[in-house]
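Here the structure comes first, spelled out in structure tokens, and everything after it is commentary.
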Amino acid sequence: MNKRNKIIYWIATIWLASGMLAGGIQQVYHSKGYSDILLHVGYPLYFMTIIGVWKILGVVAILVPGFRLLKEWAYAGFFFVMSGAVISHLVVGDGIGETYAAAALLLLTVISWYFRPAERKIIFAHQ
């Protein structure tokens, strides 16, 4: 991995981890802002706890060395949660202001996954 790609990976990953951790903590504690958003897009409030815990565990998975398969699951989970959030906002007619944070975290998920170093990837042996 060249130096440029490593820098892109770590910048995207640090921003992704920060956003997911902050959001996860707020969701676990049912902050009013997140409660309002979930009710606005039509989801039950207990989703906050589930998604919040998954986000926090996903951050640990992508930052801790090793556990390549777990990292893939974490990235997939981030992708599904954040793409679902973007779609949910759009379906209820929200504009870019309400959709921006989820879209940014979705983009950071893709960038971090794409630029991750070889030691953080699952490598399949060709037979």
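The values are calculated or read from the model by the stated rules, or taken from the named source; none is laboratory data. Nothing here was measured: the structure is a model prediction, and the numbers come from that model. So basically every Cβ, Gly included, is an ideal-geometry build from the backbone, and we count neighbours across all protein chains shown. Heads up: the accessible areas ignore ligands, DNA and RNA and are worked out on the full protein's heavy atoms, side chains in. Shrake-Rupley method; radii C 1.70, N 1.55, O 1.52, S 1.80 Å.
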- Task: Go through (1) within 16 Å of ALA12 (Cβ to Cβ); (2) surrounded by 13 or more Cβ atoms within 10 Å (Cβ to Cβ); (3) in contact (Cβ under 8 Å) with a residue 24 or more places away in the chain and name the single condition GLU72 misses.
- Result: (1)
- Does region 16-37 contain at least one residue that is assigned to a loop (DSSP other than H, G, I, E, B) and either within 13 Å of the chain's Cα centre (by Cα) or among the aliphatic types (A, V, I, L, M) (or both)? no
- Query: Which one is nearest to ALA104 (Cα to Cα) among residues in region 20-53 that are touching a residue at least 24 places away in the same chain (Cβ under 8 Å) and among the small types (Gly, Ala, Ser)?
  - Reply: GLY23
- Looking only at residues in region 1-20 that are open to solvent by 70 Å² or more (accessible area, probe 1.4 Å) and of a type in the set (A, V, I, L, M, F, W, C), which one is modelled with the lowest pLDDT? MET1
- Members of region 1-15 found to be under 21 Å from THR109 (Cβ atoms) and part of a helix (DSSP H, G or I), listed by number: ARG4, ASN5, LYS6, ILE7, ILE8, TYR9, TRP10, ILE11, ALA12, THR13, ILE14, TRP15
- Note on the structure: Checked against (1) in contact with an Asp or Glu (Cβ under 9 Å, 6 or more places away or on another chain); (2) surrounded by fewer than 14 Cβ atoms within 10 Å (Cβ to Cβ), ILE37 satisfies every condition except (2)
- Query: Would you pick out the residues in region 54-69 that are assigned to a helix (DSSP H, G or I), in contact (Cβ under 8 Å) with a residue 12 or more places away in the chain and open to solvent by 60 Å² or more (accessible area, probe 1.4 Å)?
  - Reply: TRP54, LEU57, LEU63, ARG68, LEU69
- So is ILE51 assigned to a helix (DSSP H, G or I) and exposed (fewer than 13 other Cβ atoms within 10 Å of the Cβ) or not? no
